[in-house]
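The values are calculated or read from the model by the stated rules, or taken from the named source; none is laboratory data. Nothing here was measured: the structure is a model prediction, and the numbers come from that model. A quick note on method: Cβ atoms are made from the backbone with ideal geometry, for glycine too, and the neighbour counts reach across all protein chains shown.
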Amino acid sequence: MALRFFWRWVKEAIVNLVRNLWLATSAVGMIAVAVFLLGFIVLLALNAAHFARTVEKGLEIAVFLKDGLKSAEREELARKLAQIEGVAKVEFVSRQEALEKLRRELGENSDLLRGLDKNNPLPDSFRLFPKQPQLVPLIAKEAAALPGVEKVRYGEGVVEKLLRVTNWIRWAAAGLVLLFAVAAVFLTVTTIRLSILSRGEEISIMKLLGATNWFVRGPFVCEGLLIGFLGAGLATGFLAWGYWSLLWHLEETTLFFFRPVSEARTLITLYLSLLFSGVLLGGISSFISVRRFLAV
Amino acid sequence: MSNKEKNPRAREVVPLIKFCNVTKIYPNGVRALVDVSFSIERGEFVFVVGPSGAGKTTLTKLICREELPTRGQVLVNGRNVARLRPSEVANLRRRIGMVFQDFRLLPRKTVFENVALALEIAGASWREIRKRVPEVLARVGLADKARCFPHQLSGGEQQRVAIARALVNRPFLLMADEPTGNLDPQTSWDLLQLLLKINEEGTTVLMVTHAWDLVNAVGKRVISLQEGRLTEELPAWGNYRYGT
C-alpha cells in the first residue's frame, strides 16, 4: 500500500516535470545557479582558511645560541626549550647547516658566501615550532630568558599582524558562506513556490475530490526533490569539473608558496553535501509551498 | 458509510441530506444563507434555483464541507459534517460526485487521467482503474476521447468528463453547481438528460441552476432560494415540493 503510494508519487512527479518542461527547466536552472554560487564561495572560503593555516604553520621561532657553548650546556638548553608550554618541537641547526641553507636560498648568488666555510659567521641555533601560532610571542619571551641564549627572533610585530589577517580571512570566509547559503535558500524556495503557485487550482480540485493532504503533497515533494537533485547535480558537476581542471593547471605551474585544497576527501565531502542540501532544499520548499493550498 | 454499520436502520430513518436552521455568514459579513432548513431523501432529483448571490453555491459548499455553517447543522447521512475529522472529510468527498460550471478538470491531464484521479484518490488499484474509467466514459458517451486533453474538447464534452469523474466512485450524491452555465441550449438539454438518466439508475442528484426552462421542462422537486432564504415563490410549472 505504502509502496504503491510512493510509486504513484514518483510517477506523478516525473510526468509533471515532463509536461511542465519549461517551468521545470527554469527551476532546475535557478537552483543550479544558486548551488553553484554557494559551492564556489565555499571553495573560496576553504582555500582562504587553508591559506591562513599554511601561513600560520610556517611560523617558527629561531633561538640563536651564544658562541662557545659546550654540548652538555646545549643539551640542557634544548631540554628546557622543549619544556616551555606550547612548544611542539625543538630542532637543532648547527652553524654549518645554517650556512648550507643560506647558500641554497641564495642560489645563483651563492658566490657571495665563498670563503666563509672556514670563517662561518653564523651561530648555532634552535628552531622552535609552536603548537598554536598565537603562542609564538609568549614562547619567544620565555626562551629569551634562558641561559646560553644570545637572541630570539620570530618576526616581531609581523607575526601579530599576520595572525590578525588570517583571523580576519577566516571570519570573512565564514560570513560570505553564510550569506550565500541564505541567498541560495531564498532563491530555491521562491523558484519552487512560483512553480507550485500556478497549480493552486489543481490542488484545490484534488482536495474537493477527497484527496488527503499527503496524496496531494507527495508528488509535489517528490518533484521538488527531483528538481533539487537535477539542479544541485548540474551545479556540483560543473563545480567539480572546473575546480579539478584548475588544480590540474596549477599542478603544472606550481604556484609559489601556496597550494590550493586538493585533498580528495574534503572535496568529495563538499560536493556530496552540496548535492544533498540541494535535494533537501527542493523537497522542503515544495512541502512548505504546497501547504498554503491544502486548507480547502 | 461508517454510520451505517453503527446503526443498521440509519438507511431507512435518516434523510441523505438534512439542513437544520443553517445560517452562513462569511468573514467579510456577507449573509449567504439565513435559517435554511430542508432535507433530501435518497434517490431524489432536486433543483436548487434562485438569482445570483442567493446562496446556492454556498449550499453545495456546506454539503461537501468546503465551508462550515455559522449556525445550525448540516447532516449528511445522519452525520454532522462539522464534527468530521480531516480523514472523514476526505472520505465524504470521495462519496459525493461534484460537477462545476467551469468543469474544474486538470488541464495537464488527459481525460482518462482526470477520471482516474478520482479513483486513485479513493485508493483504487490500477486494475480497477483500467476497468472502470472506460466504463464510465462510455456511460457519458466519451469512450473515444480518453487520450484527449481537456482543451481539445468542446465545453459539453468537458462537462461530461467532469460528470464521469464525479460518477466513477459510485457516489451516493451527485452535486452539480450550474453545470449548464457555460453550455449552449442544446448541449445543456443533453446534459440534463444525462443527469436524469443517472438519477434513474439510482444516484441522488442535486442540481443548482438558473435555467428555468430546464427546470420547468422536467418537473422535478425545486428548492428555491432568495437572498439566502427559502422562498414560497413557485416555478411556472412543475411537480415541486418545498423544503420541510
Exercise for review: Would you check which residues across region B:69-87 are within 14 Å of chain A (Cβ to nearest Cβ) and in contact (Cβ under 8 Å) with a residue 24 or more places away in the chain and list them?
Suggested key: B:Val76
**Study point:** Hits in region B:165-221 - residues which are within 14 Å of chain A (Cβ to nearest Cβ), under 21 Å from B:Thr57 (Cα atoms) and either under 11 Å from the mean Cα position of the chain (by Cα) or of a type outside the set (D, E, K, R) (or both)
**Key:** B:Ala166, B:Leu167, B:Pro171, B:Phe172, B:Leu173, B:Leu174, B:Met175, B:Ala176, B:Asp177
Check your understanding: Among the residues of region A:33-55, is there at least one that is assigned to a loop (DSSP other than H, G, I, E, B), touching a helix residue (DSSP H, G or I) at 6+ places or on another chain (Cβ under 9 Å) and surrounded by 12 or more Cβ atoms within 10 Å (Cβ to Cβ)?
Key -> no
Study note, to complete from the structure: Of the residues in region B:93-103 that are crowded, with 21+ Cβ neighbours inside 10 Å and of a type outside the set (Phe, Trp, Tyr), the one that is farthest from the other protein chains (Cβ to nearest Cβ) is B:Val99
Point to revise | Whichever residue in region A:196-205 is more than 7 Å from chain B (Cβ to nearest Cβ) and closer than 17 Å to B:Lys109 by Cα and, among such residues, is surrounded by the fewest Cβ atoms within 10 Å (Cβ to Cβ) | key: A:Ser198
Exercise for review: Just give me the residues in region A:104-117 being within 23 Å of A:Val63 (Cα to Cα) and part of a loop (DSSP other than H, G, I, E, B), in sequence order.
Suggested key: A:Leu116, A:Asp117
Check your understanding: What residue, among those in region A:118-160 that are among the β-branched types (Val, Ile, Thr) and part of a helix (DSSP H, G or I), is surrounded by the fewest Cβ atoms within 10 Å (Cβ to Cβ)?
Key -> A:Val158
Exercise for review: Answer yes or no as to whether B:Arg108 is touching a helix residue (DSSP H, G or I) at 6+ places or on another chain (Cβ under 7 Å), modelled with pLDDT under 90, part of a loop (DSSP other than H, G, I, E, B) and within 14 Å of chain A (Cβ to nearest Cβ).
Suggested key: yes
Check your understanding: Are any of the residues in region A:162-169 touching a Ser or Thr at 6+ places or on another chain (Cβ under 7 Å), modelled with pLDDT of 85 or more and either over 30 Å from B:Val168 (Cα atoms) or surrounded by 18 or more Cβ atoms within 10 Å (Cβ to Cβ) (or both)?
Key -> no
Check your understanding: Which one of these is part of a strand (DSSP E or B) and among the β-branched types (Val, Ile, Thr): B:Val215, B:Val205?
Key -> B:Val205
Check your understanding: Can you tell me which residues in region B:111-152 are among the polar types (S, T, N, Q) and either surrounded by fewer than 22 Cβ atoms within 10 Å (Cβ to Cβ) or more than 13 Å from chain A (Cβ to nearest Cβ) (or both)?
Key -> B:Ser125, B:Gln152
**Study point:** Counted residues, region A:206-216 - those being under 45 Å from the mean Cα position of the chain (by Cα), in a helix (DSSP H, G or I) and facing chain B (nearest Cβ under 8 Å)
**Key:** 2
